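Undergrad: Dropping a structure here in structure tokens format, bear with me for questions.
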Amino acid sequence: MDRIRIVGGKPLHGIIPISGAKNATLPLMIASLLTDQTLILDNVPRLADVINLQRILGNHGVDVMLSGKRPGDSEYQGQTMHISAARIVDTTAPYELVSKMRASFWVIAPLVARMGEAKVSLPGGCAIGTRPVDLLIMALERLGVEIEIDAGYVIARAPKGLRGGEIKFPKVTVSGTHTALMAAVLANGKTQIENAACEPEVTDVADCLNKMGAKITGAGTPTITIEGVSKLSGARHSVLPDRIETGTYAMAVAMTGGDVTLSGARPELLQAGLDVLTQTGVEISATNAGIRVRRNGSGISPVDVSTAPFPAFPTDLQAQLMALMTRAKGTSRITETIFENRFMHVQELARFGARIQLDGETAIVEGVNKLKGAPVMATDLRASVSLVIAALAAEGESMINRVYHLDRGFERLEDKLVACGAQVERISS
């Protein structure tokens, strides 16, 4: 199993290209099941989760063709993916595939919408709370899908097709909104989604579906309206830049000091996160190339932050912010309101010398003058990168174990950091 060795204490200077968003790429790939024509996706990141989803789609009979760099492209240019679900040969998504990645459960929506049936294993994925699928199932039932749960599988049937309906989520759910969108586009009649997730990735998927012939309005607001159509066509769509990767590297610069341009980043996708970083004393400015992040070596100011759905501070940056606050001059409070088990990085950050106390859903972080390198273990995708941020600023050597979590969501992380002066090395087992 690969490990990453980091020798800390070096400021970052240079350019970090931001890859396509993982959280948009996965539902966009799944949306290919809605049409028998080819969907072409540009700016697809090279991630373990993308490879896993290719295997899952392949199990349904989907053909995927990848093309990489072209003459003149940079080495980090996203891939182009041609996805053809001309003939779906299997409507079952088995446990051994779905258990590796939670988002793969979403195939249930396009399969039942197009084929009238689906049998999908209950999901796996990151160990950050229960994250039940009850709201996804509720959304499908509102569209006339008959649901049965048997031996760890959700069996969905709609032999006469889906019908439009009203879906009102009791709480904001990105996965529920994706599921409802993909089911409703082929339903007979009008569907209205209330309390829909407003995340940019939801808007990106809706934009792509509209290019395929769907009739979706209101994406990016709490009320989305869908007029069902009988058939979708192929389309070409470029995945939006990853706002979580953007925020992660911005916090790495804030932690180590330096001056980095995050090439291709879009500030409007992450304004709440950038505002918090500005409060810590970091200089942030939008440029023609993306976002410039600077810290001149002055101290890091503490902040109080609560995670919440977009456009507020994202839960997927909570661990990274906590790593940054371990070096703040004062005490910070970070409250996690989305997932009930997302503080597993606290014990690992403590190995660097961080002082963090937990009080229910709030972490109280008392900044320290220095961190010391240590061997640590990644527990989930975002927690693992918080350990990288801490290690970049720690004195001496750190070893990050179980980095397969990192490979799920960060494209060539060590290469991007090394290009900006960090001392980072992957050690293959």
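The values are calculated or read from the model by the stated rules, or taken from the named source; none is laboratory data. For clarity, every value in this text was computed on a predicted model and none was experimentally measured. Every residue, glycine among them, receives a Cβ derived from its backbone with ideal geometry; neighbour counts consider all protein chains shown.
Undergrad: Given the conditions (1) surrounded by 23 or more Cβ atoms within 10 Å (Cβ to Cβ); (2) touching a Pro at 6+ places or on another chain (Cβ under 8 Å); (3) of a type outside the set (A, V, I, L, M), which single one is not true for residue 59?
TA: (1)
Undergrad: When residues of the range 331-376 are filtered for being among the hydrophobic types (A, V, I, L, M, F, W, C) and not in a strand (DSSP E or B), how many remain?
TA: Total meeting the criteria: 12.
Undergrad: I've got another one for you. Just give me the residues in the range 1-36 being within 24 Å of residue 117 (Cβ to Cβ), crowded, with 17+ Cβ neighbours inside 10 Å and not small (Gly, Ala, Ser), in sequence order.
TA: Of everything in the range 1-36, those that are within 24 Å of residue 117 (Cβ to Cβ), crowded, with 17+ Cβ neighbours inside 10 Å and not small (Gly, Ala, Ser) turn out to be 26, 27, 28, 29, 30, 33, 34, 35.
Undergrad: I'd like the full set of residues that are within 21 Å of the chain's Cα centre (by Cα), hydroxyl-bearing (Ser, Thr, Tyr) and either surrounded by fewer than 24 Cβ atoms within 10 Å (Cβ to Cβ) or at pLDDT 95 or above (or both), limited to the range 381-407.
TA: 386, 404
Undergrad: Keeping to the range 375-410, report how many residues are within 14 Å of residue 318 (Cβ to Cβ) and hydroxyl-bearing (Ser, Thr, Tyr).
TA: Within the range 375-410, residues that are within 14 Å of residue 318 (Cβ to Cβ) and hydroxyl-bearing (Ser, Thr, Tyr) number 3.
Undergrad: Okay, next question. Could you tell me which residue of the range 257-315 is nearest to residue 221 (Cα to Cα), considering only residues that are among the small types (Gly, Ala, Ser) and in contact with a Leu (Cβ under 7 Å, 6 or more places away or on another chain)?
TA: 273
Undergrad: Kindly provide the set of residues from the range 355-380 that are under 22 Å from residue 12 (Cβ atoms) and surrounded by fewer than 24 Cβ atoms within 10 Å (Cβ to Cβ), ordered by number.
TA: Listed by number, the residues that qualify are 367, 368, 369, 370, 372, 373, 374.
Undergrad: Select from the range 363-399 the residues that are touching a residue at least 60 places away in the same chain (Cβ under 8 Å) and under 27 Å from residue 24 (Cα atoms) and list them in ascending order.
TA: Selection gives 379, 380, 381, 382, 383, 385, 386, 387, 388, 389.
Undergrad: Moving to a separate point now. Would you tally the residues in the range 310-330 being within 20 Å of the chain's Cα centre (by Cα) and in a loop (DSSP other than H, G, I, E, B)?
TA: Residues flagged as within 20 Å of the chain's Cα centre (by Cα) and in a loop (DSSP other than H, G, I, E, B) within the range 310-330 amount to 5.
Undergrad: Under 7 Å by Cβ, and 6 or more places apart or on different chains, what pairs join a residue from the range 160-174 that is in contact (Cβ under 8 Å) with a residue 12 or more places away in the chain with one that is among the hydroxyl-bearing types (Ser, Thr, Tyr) and surrounded by 16 or more Cβ atoms within 10 Å (Cβ to Cβ)?
TA: As it stands, the answer is 164/191; 165/191; 167/191, since those pairs meet every condition given.
Undergrad: Which of the residues that make up the range 190-207 are assigned to a strand (DSSP E or B) and either β-branched (Val, Ile, Thr) or surrounded by 21 or more Cβ atoms within 10 Å (Cβ to Cβ) (or both)?
TA: Selection gives 191, 193.
Condition check ((1) over 19 Å from residue 47 (Cα atoms); (2) of a type outside the set (Asp, Glu); (3) more than 20 Å from the chain's Cα centre (by Cα)) across all residues:
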| site | (1), (2), (3) |
| --- | --- |
| 344 | yes, yes, no |
| 348 | yes, no, yes |
| 409 | no, yes, no |
| 412 | no, yes, no |
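Undergrad: Across the range 143-161, what is the number of residues that are under 29 Å from the mean Cα position of the chain (by Cα) and crowded, with 17+ Cβ neighbours inside 10 Å?
TA: So the answer is 6.
Undergrad: Okay, moving on. Quick check on my filter: what residues within the range 188-218 are within 16 Å of residue 34 (Cβ to Cβ), of a type in the set (Val, Ile, Thr) and touching an Asp or Glu at 6+ places or on another chain (Cβ under 9 Å)?
TA: Residues satisfying the conditions are 191, 216.
Undergrad: Take residue 104 and tell me if it is more than 30 Å from residue 272 (Cα to Cα), polar (S, T, N, Q) and surrounded by 16 or more Cβ atoms within 10 Å (Cβ to Cβ).
TA: no
Undergrad: Which residues, taken from the range 290-309, are part of a loop (DSSP other than H, G, I, E, B), of a type in the set (A, V, I, L, M, F, W, C) and under 19 Å from residue 331 (Cα atoms)?
TA: Across the range 290-309, the qualifying residue is only 303.
Undergrad: Now for a different question. Considering each of 186, 181 in turn, give the residue that is assigned to a helix (DSSP H, G or I) and in the same structural domain as residue 202 (by TED's automatic domain parsing). Walk me through how you get there before you give the answer.
TA: Values: 186 fails: assigned to a helix (DSSP H, G or I).
On inspection, the qualifying residue turns out to be 181.
Undergrad: Just name the residue that is farthest from residue 316 (Cα to Cα) out of those in the range 208-225 that are buried (at least 20 other Cβ atoms within 10 Å of the Cβ) and under 20 Å from the mean Cα position of the chain (by Cα).
TA: Taking the range 208-225 first, the residues buried (at least 20 other Cβ atoms within 10 Å of the Cβ) are 208-209, 212, 214, 216, 219, 224.
Still in the running and under 20 Å from the mean Cα position of the chain (by Cα): 208-209, 219.
Numbers: 208: 24, 209: 25, 219: 21 Å.
Among those that are buried (at least 20 other Cβ atoms within 10 Å of the Cβ) and under 20 Å from the mean Cα position of the chain (by Cα), it is 209.
Undergrad: Could you tell me how many of the residues in the range 238-289 are assigned to a helix (DSSP H, G or I), among the polar types (S, T, N, Q) and surrounded by fewer than 19 Cβ atoms within 10 Å (Cβ to Cβ)?
TA: Filtering the range 238-289 for residues assigned to a helix (DSSP H, G or I) gives 243-256, 267-269, 271-279.
Filter once more, so that each one left must be among the polar types (S, T, N, Q): 246, 248, 256, 271, 278-279.
The next check asks that each one be surrounded by fewer than 19 Cβ atoms within 10 Å (Cβ to Cβ); those that pass are 271, 278-279.
Within the range 238-289, residues that are assigned to a helix (DSSP H, G or I), among the polar types (S, T, N, Q) and surrounded by fewer than 19 Cβ atoms within 10 Å (Cβ to Cβ) number 3.
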